[in-house]
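Engineer: Okay, here's the structure, questions in a sec.
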Amino acid sequence: MTTYVYDFHQGNKDLRDLLGGKGANLAEMTNMGLPVPPGFTITTVACREYLAHGRVPAALRDEVDEHLRALEQAMGRRLGDPDDPLLVSVRSGAKFSMPGMMDTVLNIGLSDASVPGLARQSGSPRFAWDSYRRLLAMFGRTVLEVPDELFDDALEAVKKARGANSDLELDETDLRGLAETFRTIVRDRTGRDFPQDPREQLDLAIRAVFDSWNGERARLYRRQERIPADLGTAVNVVAMVFGNLGMDSGTGVAFTRDPGNGDQGVYGDYLQNAQGEDVVAGIRNTLPLTALASIDRPAYDQLLSVMATLERHYRDLCDIEFTIERNKLWMLQTRVGKRTAAAAFRIAVQLVDEGLITMDEALARVTGAQLAQLMFPRFAADGQARQIARGMNASPGAAVGQAVFDSRRAVQLAAAGVPVILVRRETNPDDIDGMIAAQGILTSRGGKTSHAAVVARGMGRTCVCGAEEIDVDTHRRQAAVPGGLVVHEGDVLSIDGSSGVVYLGEVPVVPSPVVEYFEGKLRADGSDPLVDAVHRIMTHADAAARLGVRANADTAQDAERARQFGAVGIGLCRTEHMFLGERRKLVERLILADGDEEADAALAALLPLQRDDFVEILAAMDGLPVTIRLLDPPLHEFLPDLTELSVRVGVAAATGEAGVDGEVVLLEAVRRLHEENPMLGLRGVRLGLLIPGLVALQVRAIAEAAVIRRRRGGDPRPEIMVPLVGAVQELEVVREQAERVLAEVAAESGIDVPALIGTMIEVPRAALTAGQIAGAAQFFSFGTNDLTQMSWGFSRDDVESSFFSRYLELGIFGVSPFESLDRDGVGRLVRLAAEEGRAARPELKLSVCGEHGGDPDSVHFFHRIGLDYVSCSPFRLPVARLEAGRAAVLAADQPSDTA
Ligand code: PEP
Ligand code: MG
């Protein structure tokens, strides 16, 4: 038989699935012997059954009865007893804490009949009426859904009438009057009286907690944070202890360390003669926790000792809620506390130094996403600008620019060198050009899966979305913000994509100290504790990692940066940019060549240019492998635009203009090579097979560059990579040509620089025939960008801005498959190709060089399926290194996973 209710003595901290986070931790503290008021937890299973069938499971009522009786016995009071009532609180508590879940209801069990009894027992009628008016308001608001303001306004009115600044100045008569008013409000708004039967109060509150699981805000939050929708929440019923019994009582929240920056030492707020949410609701000014030392030393000392015990027990930063009832301390809640990225790194190493955790655990407790946050430039803290709104932190970074309200204007101004912030109610695919042009994007509608958020993240653009306080008027090119202020086009805005805060005016941007550390400008020498923490954890990650991390870099500059950021080589050097700019004309000549002679001349002109490029890159990566990929993009990218050229030739024909014969020939070539779907056209290896001499040119340039580096005393380690192969035969032809050229150069120069020859796997057919392809390849590098687009049949450039936000909303993806590898589909192809490739050639080197190489989740997957290294953009390197280390220590903890 299912047990729906657990006494605090029966649970423990590992039962979060069943008891929710709050319930599991209350049980843990109870069993540690800490002062927790007695109580019980109704499980998530009960909630799930309620949600599935629309009614509370029959056995639940009996179990609640039974636990209530035990609670009454422990407390020596009966729920609702008019002479001496037991009061309880009802609090929601899911596995993950979630905004939008039902707030706590305190003082359940009080009624018109039992207020006098409570007054007598406590010796304070004021306290009894204070407790009752709180129950009426909390129950009215959270269970009966009466608007909050009605209670607040009534309270304010009484304070005003009495000339009182705070609720503390209200006396028994005021509070009794307030209770009367609140009861009337409840009756007027709900058409029924506030329930006087304590058991009915309890049952209604429990049901309200269950219902709040499906509240709109909770649902939205779960979707955004990818929390499963079917977990359900637990409900905690706890005997009341009172912080509102006088000035020797109070309530507070505290952290065992500073969750903002990780500083050591307790940190928190305290409020005397107060209850529940008073501390966080801002009704009165709270005192810093340290003030409690002078108010009630013994309670303070006990609190510190409990906090130290909790930290040692949980071996982590804990956040707690407590109440002091007439000098007696009670613990109401604890959990491992949330913290900023900086605090996460600092606290992890502090705990190592205190002997509480190992370096492996410290590494497991920080994430690549946190490290990435620490690497964005930040706004300087001393900015003079005024905060005008706050939205969602949709895509990190700090962006400053003039406000513009439409994309066209954004593009115009950006082209003139003016930084802009694109401000829209929400964006749509027509805004793409403006989003590309802008420094940052600010919207007043939409969440983290809105179009603006998805596209901005994909582009790495700073974005704050859903800043609802801003009223955007695109027609008048302005936005109204709270306080009667209006932002006009051209006004400077600063937006913080990491916190969601929007400022009017320019906030100075400062570089991240963590990036300065990676760049070698700052040392881990004890002057900045954050830099020290990052250094120690990165060092450990590098030592733990099995997966190597290389960079995608195609210039010497990028290669140098990549080295500083810890790359152990280049995993992808794209060569296409080496054929653009002034060199495009040479490629055009090659494509249009009329006969071998012309083609050879064009190739001969390209050779030294290519060679110099490679000399520089091999020098920057001296001693480390550099995987150079042969040309990939479609040929037409090297030719003039079809429409423009057609118009020019057409106009010349109409006006009888002479001397355009060359353009006519060019137009024919452009037409011949025009493709409706260039992504699926003459790309990659296909180019090399169609244009005679292209492969030979590139391989010769690589080999000669290596010879030059050797002659200069260097240690060049080039690798040649063939893109977009679909069949082993394609690779065999290219490989033969490449080997011939390598042998020629070795014979000519007398210097033999070995170079591995391998291929990218980026076409599904290549993955499916990997066993065959491995026969001709010394390494595979998975091009997961193409593999993703070819597996799904959509191109990132075309579809990300058009329908991905809708797909995310519908839950078809949890995250864009271009950001994080789709394990079930694309990942399966990668795994299969890796296995079959290795089976055919055991020494085959395996890697990935698509964007996923820098994505934390994907890195863990690549580790698990046994790749040798990932390759990612230089800026993502530290994240990939950290995650490669984490993947190793986390995998060591877990049974091996096949997916
Ligand atoms: C890939 O397809 O994953 C890849 C790295 O190649 P590109 O992005 O240049 O197409
Ligand atoms: Mg590709």
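Engineer: If you only keep lysine pairs separated by 8 or more in sequence, or across chains, how many in the chain come under 18 Å at the Cα atoms? List each step's numbers first, then the result.
Structural biologist: Working: 13/22; 13/95; 13/338; 22/95; 22/338; 95/338.
Close lysine pairs under the 18 Å cut-off: 6.
Engineer: For labels at residue 543 and residue 609 in the simple 7 Å Cα→Cβ model, what's the distance in nm?
Structural biologist: Placing both labels 7 Å beyond Cα along the Cβ direction yields 4.9 nm.
Engineer: Express as a percent, rounded to the nearest 5, the fraction of DSSP beta bridges in the chain (both residues included) that run antiparallel. Numbers along the way, then the final one.
Structural biologist: Working: 63 of 101 bridges.
Percent antiparallel among DSSP bridges in the chain is about 60.
Engineer: Now a separate question. With axes computed from alpha carbons, what is the tilt in degrees of helix 148-162 against the longest principal axis of the chain, rounded to the nearest 10 within 0 to 90?
Structural biologist: The angle comes out at about 50 degrees.
Engineer: Place a point 7 Å from Cα of residue 200 in the direction of its Cβ. Which residues in the stretch 240-261 have their backbone N less than 14 Å from it?
Structural biologist: Label zone hits: none.
Engineer: Among DSSP bridges having both ends in the stretch 399-508, what percentage is antiparallel? Round to the nearest 5. Each step should come with its number before you reach the end.
Structural biologist: Details: 14 of 24 bridges.
Taking every DSSP beta bridge within the stretch 399-508, about 60 percent pair in antiparallel fashion.
Engineer: Using the alpha-carbon centroid of each, what span in Å lies between the stretch 654-681 and the stretch 537-561?
Structural biologist: Their Cα centres are 44 Å away from one another.
Engineer: Here's another thing I want to ask about it. Tell me, in nm to one decimal, what length is gained between residue 525 and residue 577 on full extension, where the rule is 0.36 nm per residue of separation less the Cα-Cα distance? Don't jump to the answer; show the numbers that get you there.
Structural biologist: Values: separation 52, 0.36 × 52 = 18.72 nm, distance 4.02 nm.
Going from the current span to full extension adds 14.7 nm.
Engineer: Could I ask something else about it? Specify whether the C-alpha gyration tensor of the stretch 561-674 places it in the rounded, prolate or oblate class, a ≥ b ≥ c being the square roots of the eigenvalues: rounded for a/c under 1.5, otherwise prolate if a/b is larger than b/c and oblate if not.
Structural biologist: Details: a/c = 3.51, a/b = 2.46, b/c = 1.43.
Taking the square roots of the gyration eigenvalues as a ≥ b ≥ c, the stretch 561-674 is prolate.
Engineer: Which stretch or stretches of the stretch 343-376 have amide N atoms under 16 Å from the point lying 7 Å from residue 308's Cα along the Cα→Cβ direction?
Structural biologist: Within reach of a label on residue 308, which here means backbone N under 16 Å from a point 7 Å along Cα→Cβ, the stretch 343-376 contributes 354-356.
Engineer: Of all the Cα-Cα pairs you can form in the stretch 700-838, what percent are over 20 Å apart?
Structural biologist: Numbers: 5389 of 9591 pairs.
Across the stretch 700-838, Cα pairs with separations above 20 Å total 56 percent.
Engineer: Compute the distribution of all C-alpha to C-alpha distances in the stretch 250-339, in bins of 10 Å from 0, and list the percent of pairs in each, rounded to whole numbers.
Structural biologist: 18, 54, 27, 1
Engineer: How do 584, 671 stack up against each other in accessible area, from largest to smallest, with a 1.4 angstrom probe?
Structural biologist: On the way: 584 75, 671 135 Å².
Per-residue accessible area, sorted high to low, gives 671, 584.
Engineer: Here's another thing I want to ask about it. Might you work out the accessible area of residue 875 for me, using a 1.4 Å probe with all protein chains in place, and round it to the nearest 10 Å²?
Structural biologist: About 80 Å², rounded to the nearest 10.
Engineer: Okay, moving on. Once R0 is set to 41 Å, what does the formula 1/(1 + (r/R0)^6) return for the Cβ-Cβ distance between residue 327 and residue 354, expressed as a FRET efficiency to the nearest 0.05? Let's see the in-between values first.
Structural biologist: Working: r = 31 Å, r/R0 = 0.76.
Between residue 327 and residue 354 the formula returns 0.85.
Engineer: What per residue convex hull volume, in Å³, comes out for the chain when only alpha-carbon positions are used? Numbers along the way, then the final one.
Structural biologist: Working: hull volume 181.1 nm³, N = 899.
Per residue, the Cα convex hull of the chain comes to 201 Å³.
Engineer: Taking a label point 7 Å from the Cα of residue 893 along the Cα→Cβ vector, which residues of the stretch 1-24 have an amide N closer than 20 Å to it?
Structural biologist: It comes to 12-18, 20-22, 24, nothing else.
Engineer: Sticking with this structure for a sec: Measure off 7 Å from each Cα along the Cα-to-Cβ vector at residue 600 and residue 768, then give the distance between these two points in nanometres to one decimal.
Structural biologist: So the two model labels end up 4.3 nm from each other.
Engineer: Still on this model: Give me the net charge of residue 620's neighbourhood, meaning all other residues with Cβ under 10 Å from the Cβ of residue 620; Lys, Arg count +1, Asp, Glu -1. Walk me through the numbers on the way to the answer.
Structural biologist: Numbers: positive: 561, 563; negative: 558, 560, 616, 622.
Taking every other residue near residue 620 into account, the sum is -2.
Engineer: Net charge within 10 Å of residue 545 by Cβ-Cβ distance, Lys/Arg positive one each and Asp/Glu negative one each, not counting residue 545 itself? Walk me through the intermediate numbers first.
Structural biologist: Working: positive: 546, 881, 886; negative: 542, 883.
Neighbour charge sum, excluding residue 545 itself: +1.
Engineer: Spin-label point model (7 Å from Cα, Cβ direction): what's the residue 408 to residue 73 distance in nm?
Structural biologist: 8.0 nm
Engineer: Summing +1 for each Lys or Arg and -1 for each Asp or Glu, what net charge is found among the other residues whose Cβ lies under 13 Å from the Cβ of residue 363? Before the final figure, lay out the partial values.
Structural biologist: Numbers: positive: 365, 536, 881, 886; negative: 360, 361, 542, 883, 893.
Neighbour charge sum, excluding residue 363 itself: -1.
Engineer: Peptides 468-476, 108-116: what's the order by average Cβ count within 10 Å, highest mean first? List each step's numbers first, then the result.
Structural biologist: Values: 468-476: 14.3, 108-116: 20.3.
Ranking, from highest mean packing down: 108-116, 468-476.
Engineer: Which far-off residues, 5 or more places away or on another chain, put their amide H under 5 Å from the one on residue 627, with H placed in the peptide plane?
Structural biologist: The answer is 570, 571, 572, 573, 719.
Engineer: State the answer as a single residue: which of 249, 97, 482 lies farthest towards the positive end of the charge dipole of the chain, with beta carbon charges of +1 for Lys and Arg and -1 for Asp and Glu, about the Cα centre.
Structural biologist: About the Cα centre, the residue reaching furthest to the positive side is 249.
Engineer: In the full protein assembly as shown, how much of residue 255 is accessible to a 1.4 Å probe, in Å² to the nearest 10?
Structural biologist: Rounded to the nearest 10, that gives 50 Å².
Engineer: Ok, one more. Can you bin the stretch 377-511 into rounded, prolate or oblate? Criterion: square roots of the alpha carbon gyration tensor eigenvalues sorted a ≥ b ≥ c, rounded for a/c under 1.5, prolate for a/b above b/c, oblate for the rest. Mind showing how you got there, number by number?
Structural biologist: Values: a/c = 1.18, a/b = 1.11, b/c = 1.06.
It comes out rounded by the Cα gyration axes.
Engineer: Leaving out ligands and nucleic acids, note down the accessible area per residue over the chain with a 1.4 angstrom probe, in whole Å².
Structural biologist: Numbers: 37770 Å² over 899 residues.
In whole numbers, the chain has 42 Å² accessible per residue.
Engineer: Same structure, new question: Please work out the FRET efficiency for the pair residue 641 and residue 381, using the Cβ-Cβ distance as r and a Förster radius of 51 Å; give the result to the nearest 0.05.
Structural biologist: Values: r = 48 Å, r/R0 = 0.95.
For residue 641 and residue 381, the calculated efficiency is 0.60.
Engineer: Just the Cα atoms of the stretch 60-141: what Rg and Dmax do they give in Å?
Structural biologist: Answer for the stretch 60-141, Rg first and Dmax second: 14.2, 41 Å.
Engineer: Right, here's the next one. Pop the C-beta distance of residue 295 and residue 169 into the FRET formula with R0 = 22 Å and round what comes out to the nearest 0.05.
Structural biologist: Values: r = 19 Å, r/R0 = 0.88.
Once rounded, the FRET efficiency stands at 0.70.
The values are calculated or read from the model by the stated rules, or taken from the named source; none is laboratory data. Bear in mind that the values here come from a model prediction, so they are computed numbers and not experimental data. With ideal geometry, Cβ positions are generated from the backbone for all residues, glycine too; neighbour counts draw on all protein chains shown. For the accessible areas, the whole protein counts, side chains as well, though only heavy atoms, and no ligand, DNA or RNA atoms are used. Shrake-Rupley method; radii C 1.70, N 1.55, O 1.52, S 1.80 Å.
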